[in-house]
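Some notes on the structure that comes next.
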Amino acid sequence: MLTIDTLNQFYGESHTLWDLTLEIPVGQCTCVMGRNGVGKTTLMKCIMGEESVRDGKLLYRADASGSDASSNEPLDLTRRKLEERARLGVGYVPQGRQIFPMMTVEENLRTGLAVRRDGLRQIPERIYELFPVLKEMRLRRGGDLSGGQQQQLAIGRALVIEPRLLILDEPGEGIQPNIVAQIGEVIRRLIKEDGLTVLLVEQKLPFARKYADRFVIMDRGRRVAEGEIAALSDELIKQHLTV
């Protein structure tokens, strides 16, 4: 689905991502892990186009068969604008959710319609099926929702474009455990029922072990370990994840 090829990123003179190479397989949930400040969120922003990269490539295959509608070759997203990436089927839920607090739930969801390639102007019923609370509260302002409800709204807004790749940056941060579990179950449903590919940043080990298929550990802007989630050993956790 996505190949990250020798990516380098800088903030000024500070080198934050170092020759980073990753493969995000289609139809799975890949969890990116690491201590604070190792470059996880920076990587997500680079994939989405919120941060520029110095060099390297982001090679994206827009459908499950390994090609987009017009070419058998992957698309290089590296210099494409954020809106183009969204139109190509990359959905993004940033850390902190970033919903519009003065807009209603329905209005927040409708903002995602602007980048749909098919011109659809109705919120897909699938969103309300996955998150019934959003239908119940569709006329309430986003800022009036609880933190967990706002996170569901942020994910719903990303799903409005019917992405093929969904990027989630710490979706369980600061929200109640029952909502975290609901989000995990939605991730598995999207993979199983819709064939979605999920790239997840998550610090909570129980969540990662229950809902992810694969893990990648980052340290100081580099990939230091990866594999099937069952291979996430206590030794790796002690070496790279414990504080």
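Since every read-out is calculated from the coordinates, none of them should be taken as a lab result. As the structure is a prediction and not an experimental result, all values here were calculated from the model. When we count neighbours, we look across all protein chains shown, and the Cβ atoms used for this are built from the backbone with ideal geometry, even at glycine.
Structure notes:
- In Hz, Karplus ³J(HN,Hα) per residue of the range 20-27 (6.51, -1.76, 1.60; θ = phi - 60°; x = Gly, Pro): 6, 10, 9, 10, 9, x, 5, x
- Subset of Lys192/Lys238; Lys40/Lys192; Lys45/Lys204; Lys40/Lys210; Lys57/Lys135 violating a 30 Å alpha-carbon distance limit: Lys192/Lys238; Lys57/Lys135
- Beta bridge orientation in the chain: antiparallel %, DSSP, nearest 5: 55
- Prolate/oblate/rounded call for the range 1-126, Cα gyration tensor, a/c under 1.5 rounded: oblate
- Rough spin-label spacing in nm, given labels placed 7 Å along Cα→Cβ, for Leu82 and Gln95: 1.6
- Extension reserve of the Leu120-Asn36 stretch, reckoned as 0.36 nm per residue once the Cα distance is removed: 26.3 nm
- The overall shape of the range 98-203 is oblate: from the C-alpha gyration tensor, with semi-axes ordered a ≥ b ≥ c, the ratio a/c is 1.5 or greater and a/b is no larger than b/c.
- Here the ratio of the Cα radius of gyration of the chain to 2.2 N^0.38 Å is 0.98.
- Amide hydrogen proximity for Met33: with H placed 1.01 Å from N in the peptide plane, the residues at 5 or more positions away or on another chain lying under 5 Å are Val216, Ile217, Met218.
- Relative contact order, percent, the chain [alpha-carbon distance under 8 Å, six or more residues apart]: 27
- Comparing Cα centroids, the range 167-243 and the range 66-142 end up 22 angstrom apart.
- Whole-Hz couplings from phi, Karplus 6.51/-1.76/1.60, listed for the range 86-102; x for Gly and Pro: 5, 5, 7, x, 9, x, 9, 10, x, 4, x, 6, 6, 7, 9, x, 8
- Cut-off 20 Å, label 7 Å out along Cα→Cβ of Val224, residues of the range 33-50 by amide N: 33-44
- Label point distance in nm, Gln203-Glu185, each placed 7 Å from Cα along Cα→Cβ: 2.6
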